[in-house]
Amino acid sequence: MPALTVLMPVYNAEKFLREAIDSILQQTFTDFEFLIIDDASTDNSAALVNSYEDPRIRFIQNPSNLGISGTLNKGIELAASPLIARMDADDISHPDRLQKQVAYLQGHPQCAMVSSLVEVVSEEGEVLRTDHFISEYFYYNLTFICWIYHPTVVYRKQAVEAVGMYTVPYAEDHELFWQLTRRFPFYNLPEVLLQYRVTSQSLHQVLRKQEYALAQHEQLLRNFRYYAGAEFSLPASHLDCLQHNFQPLLAEGDVTSILQCLHHLDEITAGILARENVNRNERAIREAAFYKRKYILLYFFYHLPKRKAVELLIRDRKFPLLALLLLTMVSGKIKALF
């Protein structure tokens, strides 16, 4: 039995597939099987995989297209190892990625999943950004946004099976991660271990953007009600705002509505603090909530007309934060954020 199964679904991925495969075969950690499942591609992806002779590759072809969730569930069932590393066919893993993640899971047997930071790159490989997320804040922020990059995770097969594996066709990664983190400890290594490529074929950003957005809205409302109660509700513009899509609420131009959105955020935060969980860290939750609230408030402060911006700060009545905002405004440093 290999120590690790690397699971990579493939669908019409020939353009970047060789780079992805090579980045796994060149890992410093070598005790793995590389389970590649082609989901009925119509390009030369299958021929490209078959051109490799590395005995660690285990190649399976779906007779018909199952979609990402169906293909991943098939891979989990077929995985020979109790540890599964996800990989996507257009990304590039750093050479020591698997070594560091397996070592972490071996040293923390209660942890069900470990992820990492990424460099986001273009189709041409140009670095677009590096997200400097703070690992301790992941538990709080997963309620609102999927901070975890799917192809960076290594999870325990038994834990994923325990929560039902992938259960939805869209936003499937966020749904799985949220379910896992309700029951099991998880951790994000605070270092870049993968290049995450944004392409014209990205399902959640291009091809199925509307479907993913709708699925995300439904999941977030479920998340909020888990913490704030079954009767909790909020307008669509507030839900968008809590995902940092500020335009719908800004277009309303209503200070009262913005304050109501911040009140909704405070309600959810109180619920997260009150709910027992293996990942609950009160200090980290309070810090993450403070920075999220500040980020939202600052956006509207700098994008509303000045009169409304001042009204927002006065009516918010968060005086320590108000003082911080005013000091920052005087120093002239804050506009760089936006």
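The values are calculated or read from the model by the stated rules, or taken from the named source; none is laboratory data. No experiment lies behind these values; they were computed from the predicted model shown. Please note: Cβ atoms are built from the backbone with ideal geometry, for glycine as well, and neighbour counts cover all protein chains shown.
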Would you mind listing the strands (runs of 3 or more DSSP E) fully within region 1-65 where at least 1 residues are surrounded by fewer than 16 Cβ atoms within 10 Å (Cβ to Cβ) and out of contact with any Gly (no Cβ under 8 Å at 6 or more places or on another chain)? 57-61
Whichever residue in region 136-163 is among the polar types (S, T, N, Q) and buried (at least 17 other Cβ atoms within 10 Å of the Cβ) and, among such residues, is nearest to ALA288 (Cα to Cα): ASN141
Which residue pairs have Cβ atoms closer than 8 Å, lie 6 or more positions apart in sequence or on different chains, and pair a first residue in region 263-292 that is touching a residue at least 24 places away in the same chain (Cβ under 8 Å) with a second residue that is of a type in the set (Val, Ile, Thr) and not in a helix (DSSP H, G or I)? ILE268/THR143; ILE272/THR143; ALA288/ILE134
Tally the residues that are assigned to a loop (DSSP other than H, G, I, E, B), closer than 27 Å to PHE29 by Cβ and free of Cβ contacts under 8 Å to residues at least 24 places away in the same chain, restricting the search to region 148-191. 1
Closer than 29 Å to LEU117 by Cβ, out of contact with any Leu (no Cβ under 7 Å at 6 or more places or on another chain) and at pLDDT 95 or above: is that true of GLN26 in this structure? yes
Let me confirm something: among ARG156, ARG222, ARG182, ARG197, which residue is of a type in the set (Lys, Arg) and touching an Asp or Glu at 6+ places or on another chain (Cβ under 6 Å)? ARG197
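So if I check each of ALA171, ALA228, ALA213, ALA236, which one is exposed (fewer than 14 other Cβ atoms within 10 Å of the Cβ) and either among the aliphatic types (A, V, I, L, M) or more than 16 Å from the chain's Cα centre (by Cα) (or both)?
Numbers: ALA171 fails: exposed (fewer than 14 other Cβ atoms within 10 Å of the Cβ); ALA228 fails: exposed (fewer than 14 other Cβ atoms within 10 Å of the Cβ); ALA213 fails: exposed (fewer than 14 other Cβ atoms within 10 Å of the Cβ).
After ruling out the rest, the residue left standing is ALA236.
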How about region 96-128: which of its residues are loosely packed, with under 13 Cβ neighbours inside 10 Å and closer than 13 Å to VAL192 by Cα? VAL127
Taking the residues in region 102-128 that are small (Gly, Ala, Ser) and in a helix (DSSP H, G or I) as candidates, determine which candidate is farthest from VAL154 (Cα to Cα). GLY107
For region 211-263, name all the residues that are under 14 Å from PHE301 (Cα atoms) and of a type in the set (Phe, Trp, Tyr). PHE246
